[in-house]
Every structure is written in structure tokens, then in C-alpha cells.
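Enquirer: This structure is in C-alpha cells; I'll ask about it shortly.
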Amino acid sequence: MRATAMPHPLIIDTDPGVDDALALVLALRSPEVDLRAVTVPFGNVGLDRTFANARRVLALAGRPDVPVAAGAARPLVYPQEEWAPEWHGADGLGQRSAEFPDPIDPDPRSAVELMADVLRGADEPATIATIGPLTNVALLLAVHPELTARIGRIVTMGGSLGGGNTRQGRAEFNVYADPEAAHRVLTQPDVPVTLVPLDITMRCLAGGGWVEELTASGPRGATLARMLALYRAAFRERHGTDSVALHDPLAVLEAILPGTLRTTPLPLGVRCDLGPDRGTTVAHPDPGGHGPDVHVALDGDTGSAAAEMLRRLCTLG
């Protein structure tokens, strides 16, 4: 936890998405950080919907002051192979987008332009939390290498060392959506990266009592809880447990409170071929030639993390 009382500048790059919406609200209800920008790529659904959804969530939270900019509409190289409507609904918010307020006004800048402006204007290096495909961040690093010193660290929800969550089964969704971008970010030498993979997010679960408490917290909390219904049903069907995995909120909590999760340094890469292993995250046994170590979160008190998320989300009321 940070010793200073001054909030730390934070950028969130997100593709809402049900758990993305929870993660955004979590950041907005955390006094340790100052959410300076939200940038949006394609991802769980198309960019037209993810961009509107991010602005709907900001409206629900009563934060029209946070700039939201649209970014990449497709991956760097190959078309996106998979979407996630069965988890997030065709609208990206569990078929509940009509229950959210009208979206706040968009920022006219591109995602890369907005991130660059925030980095230039921050009085200390900012954290970038990525909870969707890594396309926008890969473009930022490529277009503005002079700003890498203005990034304190990148915290990424993505990847897996023990099995994926895509239909093809071997890769994690965010990395599989744009493997080339993920490889670019995970292997670059200039900014420390903390990876929060499925190996730990699948252990951070919110059950029925968690959802009920969020529902009881007030009308806005109840809107978020209703949004979870489709996601919860899909998780129960696939995994046989009546819970939801808090993938993106766990990564954002680590961005808010560094040290929430215990990390292991590993040299990582992403398979970018077109075979069945495309998009899988690979830990290289030999450190040479694969870029610096990534701090991979493989351990932590996920029960306490879920309880802390709930406490903060319930302050939305």
C-alpha cells in the first residue's frame, strides 16, 4: 500500500464487458488512485459497444469528468477470431445496458492521444491497467517511446500458464484477441509489467452472498448486480459452481494497491503462429533473448481481495 496520501494517477484500458464494468467502478471508488483516463479497444464485443459501455459505466458512477476515448477497432495483424457474447451478452453488459444511464460524452482524442496527454501531464509516472486486448497499449509504446519513463508500471489481466478460457481452449481471451500486441507489451524492456493471469483470477470468486450484498447496497449497486446474472449463469454452466470470477477487478485492485498479489518473475512470450497454440502465454525456461522478466501474480489471498472489492463497490450506493 502506498505511504503517501496523494492519489496515484491511473489509466484503465478496457473493453466492457461485465467484469470490466465492476473494475471501472472499483477504481472510481478507491481513494488511492486518480482515474485520469479510460481508453477502449474492441474485445468482448465490438468497439461501438465497448466504447458506449465504458461511458455508461462512468455515467452510472456519476463521473462525467473522466475522459473516455476510443481506440483500436481490430487487432494489429489478423482479424479477431473470437468474441464473448455468451458471457457478456450481445450488448456487452449482460443484456442490461438499457438499465444504465445514457453514456457520458466521448473525448474527441484517440485512445493513444489521450494516454499520451495524461502521461505528459501527470506529476509522477502513471500506472496503466489493461483489462482487455493489449492493442491500444502496444500502439502507445510504438508511437510514443519517449513516454515510457512516464509509465510506472503496466498491470495486465491476461494470459494463463495452466489452460485457457477461449473456445479453442488453450489461450486466455484477452491475449488471444491480439497475440501480437500482447507479445509486444510483455516482451518490451522499458516498462515493468505485472501480469494477473487466469491461474489466480479463477480463484477469486464472488458467490451468491456477494451478489446479494451488492444488490442491497443501493440502486446503483443493484444495477451492477443485475448485470452479473448472465455472466453468473454462464460460469455455473461451464464450471459447475454458482459464482462469478472477478478477473478484471482483481487486476485493477493490484493496480490500486500494489502488493495485493504475490508475484513470481518469469520471462514470458506469446505464441503468434496460426496453429492451435496461437495466443498461449509461454514461460521460457531460459531467460536470455526473451525480454525482461514479467511479474506474474500466481498467489495471494483472493478471498480477502473479493471482500475488499465488495466493500468498495458497495460505497457506490
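Enquirer: Could you tell me the relative contact order of the stretch 84-215? Use alpha-carbon pairs under 8 Å, at least six residues apart, and round to a whole percent.
Expert: 21 percent
Enquirer: Give the long-range amide H neighbours of Asp34: residues separated by 5 or more places, or on another chain, with amide H under 5 Å away, using H modelled in the peptide plane at 1.01 Å from N.
Expert: His8, Leu10
Enquirer: Here's a follow-up. Quick one: work out the % antiparallel among DSSP beta bridges in the chain, nearest 5.
Expert: Approximately 30 percent, going by the DSSP bridge assignments.
Enquirer: Same structure again: Of [x] 17.7, 53; [y] 19.1, 58; [z] 23.8, 85, which one was derived for Rg and Dmax of the Cα atoms in Å from the structure shown?
Expert: [x]
Enquirer: When Rg is the radius of gyration of the Cα atoms in the stretch 82-172 and Rh is its Kirkwood radius, what does Rg/Rh come to?
Expert: Rounded to two decimals, Rg over Rh is 1.04.
Enquirer: On to the next question. Say R0 is 51 Å: what FRET efficiency, to the nearest 0.05, do Arg120 and Glu99 get from their beta-carbon distance?
Expert: Using R0 = 51 Å, I get an efficiency of 0.85.
Enquirer: Output the relative contact order of the chain, whole-number percent, from Cα pairs under 8 angstrom with separation of 6+ residues.
Expert: It rounds to 20 percent for the chain.
Enquirer: Would you work out what percent of the accessible area of the chain, with all protein chains in place, is carbon or sulfur (probe 1.4 Å)?
Expert: Details: 6220 of 11720 Å².
Carbon and sulfur: 53 percent of the exposed surface of the chain.
Enquirer: If we count every other residue with Cβ under 14 angstrom of Leu22's Cβ, Lys/Arg +1 and Asp/Glu -1, where does the sum land?
Expert: Result for the neighbourhood of Leu22: +2.
Enquirer: Using a probe radius of 1.4 Å on heavy atoms only, what accessible surface per residue do you get for the stretch 214-317? Whole Å² is fine. Don't skip to the answer; put the middle values down first.
Expert: Details: 4230 Å² over 104 residues.
Result: 41 Å² of accessible area for each residue.
Enquirer: What does the charge count around Thr135 come to, taking other residues whose C-beta lies under 11 Å from its C-beta (Lys +1, Arg +1, Asp -1, Glu -1)?
Expert: -2
The values are calculated or read from the model by the stated rules, or taken from the named source; none is laboratory data. Treat the numbers as computed from the prediction; the structure is a model and nothing was measured. With ideal geometry, Cβ positions are generated from the backbone for all residues, glycine too; neighbour counts draw on all protein chains shown. Ligands, DNA and RNA are excluded from the accessible area calculation, which covers all protein heavy atoms including side chains. Shrake-Rupley method; radii C 1.70, N 1.55, O 1.52, S 1.80 Å.
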